Amino acid sequence: MTSGSVSLAGLEGNKSWARPHSTGKRSLPMVDTYYKVPGAGGVNSNIKDMSLWMMAQMGEMPDVLDAKVLDTVHAPYVVTPTERGRLRKFLERLGTAWYGFGWRSYDYAGHRIVGHRGGINGYRSLILFDPQKKSGVVALWNSNTSQPGGLEFEVMDMIYKLPFRDWLEIDKAGQGPAVLETDPEVGSGDNGPTRNRRAR
């Protein structure tokens, strides 16, 4: 993992980074507030490094995170019924929700999945995986929209070969998802950092 940093200067010093946007396409100013507590909003990363982090969380890098550590941090310690309320559109398949050491875990269609979502003004992120199947999804986007949040469950449905559900609501009311127009000022984020946050 080479893209990570915990400062505004670390983000803006990269040759390619994604600028924050509102739900529409209006760009937002950068603020350093989130960097005052790095673990609660001040972590920068890119999609490649987040994917490597997910692989380590699935036990694919035991020299970095051994099985005992992973069992401890992924353990379901506290039942969180309000999380189910927040994710109510997925309740057809989403069972009990728990919280542990920074990770949420769920019963999803009879499978135990682990993940986390986060966001700050102009950025959103998600990571969700099945540690047994060593499969999952990571997504980062530079907009306040929450619509891509359904992506994680569409991917899990594909992994488990479940019937398709339009969790992204792309077909809702015949409208596609909101798309930001290409702006030469906005970095592609392909290899450079975009903002990421691990939510509380």
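For region 1-74, a crude dipole built from +1 on the beta carbon of Lys and Arg and -1 on the beta carbon of Asp and Glu, taken about the Cα centre, is about 520 debye to the nearest 20. Charge dipole of the chain (Cα centre as origin; +1 on each Lys and Arg Cβ, -1 on each Asp and Glu Cβ, all else neutral): 500 debye, rounded to the nearest 20.
What list do you get for E92, E60 if you sort them by fewest beta carbons within 10 Å?
On the way: E92 10, E60 13.
Ranking E92, E60 by Cβ neighbours within 10 Å, fewest first, gives E92, E60.
All alpha carbon pair distances within region 1-149 were sorted into 5 Å bins beginning at 0; the resulting P(r) in whole percents reads 2, 9, 16, 21, 19, 16, 12, 6, 1, 0.
Work through the residues other than K172 whose Cβ is under 15 Å from its Cβ and net out their charges, Lys, Arg +1 and Asp, Glu -1. Intermediate values should be presented prior to the final figure.
Details: positive: K89, R165; negative: E154, D166, E169, D171.
Residues close to K172 contribute a combined charge of -2.
Charge tally for V79 (other residues, Cβ to Cβ under 15 Å; Lys, Arg +1; Asp, Glu -1): +2. If you take all other residues with their beta carbon under 9 Å from the beta carbon of M156, and give Lys and Arg +1 and Asp and Glu -1, the sum is -3.
Values quoted throughout were computed directly from the atomic coordinates according to the rules given, and no laboratory measurement underlies them. Note that the structure is predicted; figures quoted are calculated from it, not measured. No Cβ is skipped: glycine too gets one built from the backbone with ideal geometry, and neighbour counts run over all protein chains shown.
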